[in-house]
Structure formats: structure tokens, C-alpha cells
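The values are calculated or read from the model by the stated rules, or taken from the named source; none is laboratory data. The shown structure was predicted, so the numbers you read here are calculated from the model rather than taken from an experiment. Note that we place each Cβ from the backbone using ideal geometry, even for glycine, and neighbour counts take in every protein chain shown. Side chains are part of the model used for accessible areas, which takes the heavy atoms of the whole protein and leaves out ligands, DNA and RNA. Shrake-Rupley method; radii C 1.70, N 1.55, O 1.52, S 1.80 Å.
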Amino acid sequence: MPKLTKKALLKHLTKSDKEDIIGEVMTLFDKFKNVKEFYGAELSGEVNPLLEKYKKKITQAYSSANPKERRTNLNINRLITEFKKITIYDRELSDLLLHRVECGVAAFNRNTNRSNTFYNCILNSFGEAINTISSDSSESEFTERIEQIIKSSASGKFEFQKRINELAKGI
């Protein structure tokens, strides 16, 4: 089976009549959770309620007193991957990634006994957020939060503040 391209999909959709397209979208809506979540967010007419749901889950993951770092990182990475499947807005993804960084920084400020891997996961999310913000040209929207993250990361180990400051220069 040849790979489906956007061009081929567009050709299919332009040949189809409105009722067929509506039927296909309804089938996708019924069959795939991601499609249902996407349309739920799109049609809500407000800030994406799923963004708030995912932020809450990330906050909970980092809020336990002594979390298993590996499991926490895996769960949060899974949540972010799920969110990427249902959002089409880079600003929402940037917001979620920065939220993870903020929660991670708060976690190591509460308990400085964290591994290098813990710091690297937070750093990777920050780097991804910076890249997404730059590609979306939404620097002005996130500058204040980025500055606050850098400021509050002073107690981090493994030269975290220096490394995060270097990444922030990318915007």
C-alpha cells in the first residue's frame, strides 16, 4: 500500500461530497479517542480544557514528597506525547512544556536530592519549549515565565541554571 500524502488526501476530499466527508469525520470521532478529544477542545470555545487537565496531571506527578524519578519522568513524557496528538497549537504545547519545567524546578527546590537524569528531563522539556516558542514566534508571550524559571532554578545541581540560561538564549 503506497504512503498516503496530504496531496492524495486533499484530492480524495475534494472529490467527496459534503455528506461523505461528514460521515468520515463522524467515524473517526467514534473510533479514535484523540479525534474526540481534539474536537472537544476545538468546539469548547474557551481555553483548551485538556491543556488544564494535562497540567493538573503533571502537577500531581511532581507533587508527591518522594516520587520515583524514573516512573515520574516516563509518565510525564507519556502525557506530553498524548497531548501532542490532540493539539494543533504550538502555544498550547509550549505552555504544557513550560509547566513541566516549572513543576520540575519546584520539585528540586523542595528536595535537592535529585539525579542528573531528573535534571536532564526537565532541561530537555525546556529546550523543546524554547524551540517550539521560536518556531511559533511567540517569544513575547512566554518571556516572563522563562525568566522566572531561570531565576527560580538557582538552587539546581549539575549546573542546571547555567545550562537552562544557555538554552533560553535561543529565543
Under 19 Å Cα-Cα from residue 15, which aspartates and glutamates qualify once same-chain neighbours fewer than 8 residues away are excluded? 24
Given the protein chains as shown and a 1.4 Å probe, how many square angstrom of residue 31 are accessible, to the nearest 10? 150 Å²
Name the residue from 63, 12, 118 whose Cα lies farthest towards the positive end of the charge dipole of the chain, charges +1 on Cβ of Lys and Arg and -1 on Cβ of Asp and Glu. 118
Which of the pairs 11/84; 68/169; 57/84; 33/84; 53/84; 18/84 have their Cα atoms more than 20 Å apart in this structure? 11/84; 68/169; 18/84
In Å², rounded to a whole number, the accessible area per residue of region 1-123 with probe 1.4 Å is 65 Å²
Nearest-20 debye value, the chain charge dipole, Cβ charges on Lys, Arg, Asp, Glu: 820 debye
Only helical DSSP H runs with n ≥ 4 go in: add -39500 (n - 2.57) per run for the chain, normalise by residue count and round the 222 nm mean residue ellipticity to 500 deg cm²/dmol. -25500 deg cm²/dmol
Dipole of the chain (Lys/Arg Cβ +1, Asp/Glu Cβ -1, origin at the Cα centre): which of 21, 88, 105 lies farthest to the positive side? 105
Within the accessible area of the chain (1.4 Å probe), percent carbon and sulfur: 54 percent
